[in-house]
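Reviewing the structure listed below.
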Amino acid sequence: MSAVISKKLDGASEHSGCCAAAAPEYQESMRRRQLLCNWSGPFFVVFFFIGLVLFMGFVPPQSPLASSQQIADIYLADLTSIRIGIVLCSYSVALMATWGAALAARTLRTEREFPVYTYTQIACVGVGVMVAVFCFLTWAVAAFRPDDVHPDITRMLNDVGWFLFLFDVAPFMVWMVAVGLAILGNRSSHRLMPRWVGYFSLWCAVGEAPAVLILFFKDGAFAFNGLVGFWLPLVAFFLWIMVLSVVLHQEIQRDAVPQAMAGRD
Amino acid sequence: MLARMNRPSPGSGRIELHLPGEVGIWVFVLGDMAIFALFFAAYMVDRSVAVELYNASQQALNRTFGVINTLLLLTSSLFVVSGVSALRAGRARVAQRLLLGAMLCGLGFAVAKVVEYGEKLGQDITPYTNGFYMYYFMLTGIHFLHLTIGMGVLVLMFRAARQRQVTDEGLAFVECGATYWHMVDLLWIVLFPLLYFVR
């Protein structure tokens, strides 16, 4: 039975008009699967901020000028809460993979033969998840035995965590640019997303860019607790996830309309 | 150019509003200008707590460079405006020459900026010298990055103007690119008095 369906589908995907010929059950399962993966985006954002803000208390970040003892004291004061927050964040960032897949699957449809922007996204989201998991792993080690090690070590691990959080924006920028170019360059017969989303993605990539400046300053707007070093990249990234989640949701639902009608026939 | 261009639509007395390029580019342009507005706000706030220091440091800036650069960018914008209208009128050859002029102005800006940075660094003034110079180097540096991207965009616009048949799509791209270039110009027009003149 399933072999018959898949055979049918292979045939359907051959011609670009697509989909109308596929079985309604399959279409519905594809729609649900995409919606589920797309919802992982907002879930990631919500749980990430619950962990980072409410449990870890890392927003706003500590000052890069803080002494080792001050940093160690921050960990020691709320150790359990910080640990719970780290675990929450560490789990939630993995959802970037499923959300990234929902996004990449949409662009794949528009570049079947040479899916270069899709491959770029997959590579970047893979690296992105790894970097994000490492970020919280580093803070986890800092929160492992801050009572037993020299405060300098705790501060260094804390710094490494912030650098993993902010400094390595490049793969995320490339991810955003790949999505933006896929949208703006779409000449296939398939819808992808409204063109403004393409420009919006490029803008978010620009907003991420100044995070690398945290390497050069320990004070002011460009430091890792500053307006340009921290807040701008943070807002650009999470705004991107949220806006694209909404648009993606609408696009997935729009796919369903002709299918529902086809189902009725 | 930045404003809507009014064009009578053929066959009717009504005026059709024409937004250069496409609506989407304005998401990028306004978004990017919002980021710069944030930079400017941060600068003004930090400046307000150390006015003396900022004013004293400002004295050391070479305004000649600033004025030359402003003139260069304004001229380049003029070239781009004329280039786009020439292309719209079907005079691709003229458009190419005008875009080339814009690129030369942009290049001039880049050279002047590098010389200016060199002069500062020669006097041992770096982004770490004080808060004012941090903003001076960072804001002009980020603007420089925008200019570099803009130079790339101008090259692509030039290529679009060299197509044997300029399509609607090509024209829309040229208009989007022009909009971006004007933004680079506009940001400098705000950046320049803010860093060189605000007292």
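Size of the protein assembly as shown: Rg and Dmax of its alpha carbons, in Å, are 25.8, 84.
Under a model in which nothing but the beta-carbon of Lys, Arg (+1) and Asp, Glu (-1) is charged, chain A shows a dipole of about 840 debye around its Cα centre. If R0 equals 56 Å, the separation of the Cβ atoms of A:Phe144 and B:Thr64 corresponds to a calculated FRET efficiency of about 0.45. Rounded to the nearest 20 debye, the dipole size of the protein assembly as shown about its Cα centre is 1600 debye, using +1 on the Cβ of Lys and Arg and -1 on the Cβ of Asp and Glu.
Remark: spin-label model distance B:Val45-A:Gln253 equals 3.7 nm, labels positioned 7 Å along the Cα→Cβ axis.
Seen against the Cα atoms of chain B and their longest principal axis, helix B:63-88 is set at about 10 degrees. Each peptide in B:22-34, B:120-132, A:83-95 gets a packing score, the mean of other Cβ atoms within 10 Å over its residues, and the list from highest to lowest is A:83-95, B:22-34, B:120-132.
Using only the alpha-carbon atoms, how far is helix B:131-162 inclined from the longest principal axis of chain B? Give it as 0 to 90 degrees, nearest 10. Result, in degrees: 20.
Hull volume per residue, based on the alpha-carbon atoms of region B:24-157 and their convex hull, is 108 Å³. Each stretch of four or more DSSP H residues adds -39500 (n - 2.57); spread over every residue of chain B, this sum gives -27500 deg cm²/dmol at 222 nm.
In chain B, taking the dipole from charged Cβ atoms about the Cα centre, the farthest positive-side position among B:Ala42, B:Val94, B:Leu145 is held by B:Val94.
Counting only other chains, what is the mean number of Cβ atoms within 10 angstrom of the Cβ of each residue in peptide B:40-52?
Counting other chains' Cβ atoms within 10 Å and averaging over B:40-52 gives 1.
The Cα center of region B:167-199 and the Cα center of region B:88-135 differ in position by 13 Å. Using the Cβ-Cβ distance between B:Arg91 and A:Ala77 with R0 = 60 Å, the FRET efficiency computed as 1/(1 + (r/R0)^6) comes to roughly 0.25. What's log10 of I(q)/I(0) for chain A at q = 0.13, 0.17 Å⁻¹, Debye sum over Cα points only, no solvent? Log-scaled intensity ratios, in q order: -0.85, -1.25.
Enter the mean number of other protein chain beta carbons within 10 Å of the beta carbon of each residue in B:114-120, as an integer.
Rounded to a whole number, the mean comes out at 0.
Helices that extend 30 Å or more along their long axis by alpha-carbon positions and average at least 0.0 on the Kyte-Doolittle scale are, among the DSSP H runs of chain A, A:116-142, A:232-264. Distance between the C-alpha centres of region A:178-218 and region B:29-44: 18 Å, rounded to the whole angstrom.
Counting only alpha carbon atoms, the long axis of helix B:23-48 and the longest principal axis of chain B meet at about 10°. Mean residue ellipticity at 222 nm from the helices of chain A, using -39,500 (n - 2.57) per DSSP H segment of n ≥ 4 over the full residue count, to the nearest 500 deg cm²/dmol? The helix contribution divided over chain A gives -23000 deg cm²/dmol.
Taken together, the values in this text are just the output of simple stated rules run on the coordinates, not laboratory data. As the structure is a prediction and not an experimental result, all values here were calculated from the model. Neighbour counts run over all protein chains shown; Cβ positions are idealised from the backbone, glycine included.
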